[in-house]
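Engineer: This structure is in structure tokens; I'll ask about it shortly.
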Amino acid sequence: MSDPTNWHGTTILGVRKGGKIVIAGDGQVSMGQTVMKGNARKVRPLGATGVIAGFAGATADAMTLFERLEGKLEQFPNQLTRACVEMAKDWRTDRYLRRLEAMMIVADKNVSLVLTGTGDVLEPEHGVVAIGSGGNYALAAARALMDTDMDAEAIARKAMAIAAEICVYTNGNLTVEMLDA
């Protein structure tokens with residue numbers, strides 16, 4: 001498996017503030033130095049589970065993980081953390097899944113989590129989480145904006161705009177999904 005810290009091609013940001021949860025993702029798909037698509041949808045709700053998710057990494061791999069997580073959420077309804085831990089166990093032990101190269105941010109009304117290909121299920125601090133090539137830029141911008149009067153959506157949009165100005169693998173075509181906490 002390649003090192004997930006070297007993956008590039010997207011930025012996904014999660015912000016939890018003022019009773020709202022927002023996950024935003026850019027639309028750029030890159031292959032090497034070439035932009036293949038500028039309006040991909042990398043953030044979406046997971047069925048009727050009350051969970052939203054965004055991915056960074058290989059698209060087909062992420063779709064596989066979305067399907068697996070939806071299955072775990074059916075098995076463990078209203079238990080996002082448990083569903084993610086169970087999926088992470090599968091991800092680490094299944095020979096096929098171990099080769100998947102993607103990361104995900106998932107959130108429901110209670111918790112935001114990062115799922116990695118190494119089997120980690122991490123709950124971020126400070127109500128902000130980000131992954132992907134522009135993730136560190138978006139994370140820093142969002143953390144700086146958390147103390148302002150801006151709401152979760154405004155913070156996510158501004159932080160993503162900042163990341164798009166800095167990271168060549170991130171663009172300004174956003175998909176934004178929101179939940180009430």
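Engineer: Please report Rg over Rh for the chain, where both radii come from the alpha carbon positions and Rh follows the Kirkwood definition.
Structural biologist: Values: Rg = 15.0 Å, Rh = 15.9 Å.
The Rg/Rh ratio comes out at 0.94.
Engineer: With n ≥ 4 as the cut-off for DSSP H runs, can you work out [θ] at 222 nm for the chain, using -39500 (n - 2.57) per run divided by the number of residues, rounded to the nearest 500? It would help to have the intermediate numbers written out before the result.
Structural biologist: Details: 4 runs with 57 residues, N = 181.
So the helix-based figure for the chain works out to -10000 deg cm²/dmol.
Engineer: I need the phi-derived Karplus couplings for segment 118-128: 6.51 cos²θ - 1.76 cosθ + 1.60, θ = phi - 60°, integer Hz, Gly and Pro marked x.
Structural biologist: Calculated HN-Hα couplings, in order: 8, x, 7, 10, 10, 9, x, 8, 6, x, 9 Hz.
Engineer: Taking amide H atoms as placed 1.01 Å from N in the peptide plane, list the residues 5 or more away in sequence, or in a different chain, whose amide H sits under 5 Å from that of residue 30.
Structural biologist: Those qualifying (amide H under 5 Å, at least 5 residues apart or on another chain) are 36.
Read-outs: derived from the displayed coordinates by stated rules, not from any lab. Computed from a predicted structure; not experimentally measured.
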